[in-house]
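The values are calculated or read from the model by the stated rules, or taken from the named source; none is laboratory data. Not measured: the values here are computed from a predicted model. Here the Cβ positions follow ideal geometry from the backbone for every residue, glycine too, while neighbour counts run over all protein chains shown. We work out accessible area using only protein heavy atoms, side chains counted, and drop any ligands, DNA or RNA first. Shrake-Rupley method; radii C 1.70, N 1.55, O 1.52, S 1.80 Å.
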Amino acid sequence: MRPRIPLRKRLLVRLLVATVLIALCSVGATAWLAVQTTTRAIREEQGQDLADDMRILAQLSGYAATHPEWKGVEPSLRALSKKMGRRIALTTSDRALIADSAPHGTSLPPRAAANVDPLHTDTYTEPGAQLSGLDPRVVGPYRVTAKERVRLAMLAKDRQACFKQNGIDTTITMTPSGRPVLNDADGNNANGDVPEMCADGKLNTPTATESKALKSLMASAQPCMVRGGLSFKAPFFAVDISDKSLGSRYLTGAYNKLGDAADVRKAQACTDSARRTQLDPYVAPVAELFLGGGNTTAPRFAVSPANKAKVVGAAAAVLALTVLVTAVVATRLVRPLRALTEAAQQPPELHVRVPVKTRDETGILAEAFNDLTERRERMEAQRKAMVSDIAHELRSPLTNIRGWLEVTRDGFVEPDPALLGALHEEAMVLQRVIDDLQDLAAADAGTLRLHREPVRVEDLVDQVVAAHRVSADTAGVALTGKTDNSLWLEADPVRMRQVLGNLVSNALRHTPADGTVTVTAWRDGEDIVLTVADSGIGIAPENLQHVFERFWRADQSRSRRTGGSGLGLSIVRDLVAAHNGTVEAASEPGAGSVFTLRLPNSAAPEGD
């Protein structure tokens, strides 16, 4: 019976949970993004409201700058309120109502938005605004008369023509006082760089009206300067008054000759104070400005119950759709996995294979499972064959030993030296089979121990050839070795003699009389290559892939006359692999075989 998988560990459940979490995160992220977007939009709208408030304040400050009182401001205030869509109210400092765009009796907002005072303003940002807080539209006694305006206009045109002759394009701009000013293409005052032929000083010389106002300003500023320890003898009217700010910049130009920054700041403060006193009779009294939303409340972001229901419904729909799609996809993914699980739980002897229907990860897994099944089937067949081969290899010598011992015990045969020699030979066969099996078991378990040391390849080949010389002469086969005496290996000499000995023994066994067996060694790049070539019967092409398998023989009769135990070449392969090398076989029927070993090269010991 299949073990039941806990619900929390099922792939389908985990995939659904992951999908739900992703969906929740997506919905949450979308909601957060919507809130952030809405918040940004509200802030932008609030920024627009602030810009509108600034425009309202600028227009009302302009009215106060050009009128000595607020009488008559209501028509302008209502028109401005209609244009801006805002409630606008003006009161005195003690909250006495001056004008209001809202119906009579409407309560004022709890807090004033700003003070309307053209002599003390820090919110008017049009070109010409004073850092001192004076609205540039407050001109008072500096406003030129109509006659002076005509003369100044003619002077401005003359200077513009002079600039034109010198390649400078200018425009004439009228200041609030009625004085014209020449500006360059960038809108800056062109008096900063006047051509010499145009610098007659006529346009910038104060008119009679301006001179009178400047004398009055100077008289008002002098007591303050005296208290500050300031005095100067510079020609008072020699400075340029073409700037829109008039008096403050005018006097500062003279004070700059004092050369001390602190004195200049004191002079500036005295001039600003005197100028406010001079302009105060020409402006409207200070008023408080109240702003509101008219007959509507201020915009506010709120989610109604209907909108909340829509948001919740949309989120639920997204969740439901996500779960549905995930369930369908997960079911399709889990189906082949269940088929794999059922196939893996079948008895090994059935060798069940899973049909491959897709080319995705699941299909690749099914192919890998089928490959594993085939390998297991082949290994099972090899295991059964190996058990049979081992039984056969051990049965034959044991049967011979048992038979000879029984007839000797019964007195039919005398235990002479010939009989004892035959029994010893059979025991040696058993010993070789057991030793080979032990080597293969150690190689399979990874416990095969190698005692590496520098080995001269020439000595190794000579020892193997000498050990098999008698067998080769007896078989009538010419056994030779060809090596270079400069070749060295870092290897286990006993195991390497066993490798070459197995190959030479195998070659002698399959080489007829008058044949040859040659052991050759040479260097190939970073490797040492050893070959054992014979002129024997060769190996059929279909059998080459099996020569290194355990207990495999080309002669299926398993006769000892034509083959050994069938373990020699398997041991060769495992021992060469333990030395980080490779072994290959090449053969043609009737032309002999060549077994090639490729092992890592090793430098010769020092002093050799």
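For the reader, a short list of remarks on this structure follows.
- Val27 sits with roughly 40 Å² accessible to a 1.4 Å probe, with DNA, RNA and ligands left out of the calculation.
- Under Karplus coefficients 6.51, -1.76 and 1.60, residue-wise ³J(HN,Hα) of the range 523-531 in Hz, glycine/proline x: 9, 10, x, 8, 10, 9, 10, 10, 10
- Ranking by accessible area, most exposed first, for Ser93, Ser177 with a 1.4 Å probe: Ser93, Ser177
- At R0 = 30 Å, FRET efficiency that the Cβ-Cβ distance of Ala96 and Ala51 yields, to 0.05: 0.55
- Under the simplified labelling scheme, the Ala540-Val286 pair shows an inter-label distance of 12.1 nm, with each label point 7 Å from Cα along Cα→Cβ.
- Length released on extending from Asp158 to Asn601, taking residue separation times 0.36 nm less the Cα-Cα span: 149.2 nm
- Computed from the C-beta positions of Val35 and Arg151, the FRET efficiency with R₀ = 51 Å rounds to 0.20.
- Efficiency of FRET between Arg335 and Arg523 - r from beta-carbon atoms, R0 56 angstrom, step 0.05: 0.45
- Difference of contour (0.36 nm per residue) and Cα-Cα distance, Leu350 to Thr408: 15.8 nm
- Amide proton proximity set for Ile528, modelled H, under 5 Å, gap of 5+: Leu599, Asn601
- Placing a pseudo-label 7 Å from each Cα along the Cα-to-Cβ vector at Ser471 and Ser211 gives an inter-label distance of 13.9 nm.
- With protein chains left intact and a 1.4 Å probe, residues in the range 143-220 average 57 Å² of accessible area per residue.
- Within the accessible area of the range 463-512 (1.4 Å probe), percent carbon and sulfur: 52
- Shown are Lys82, Lys266, whose ranking by accessible area with a 1.4 Å probe and every protein chain present, most to least, is Lys82, Lys266.
- For the residues Thr520, Thr207, a 1.4 Å probe over the protein chains yields an accessible-area ranking, largest first, of Thr520, Thr207.
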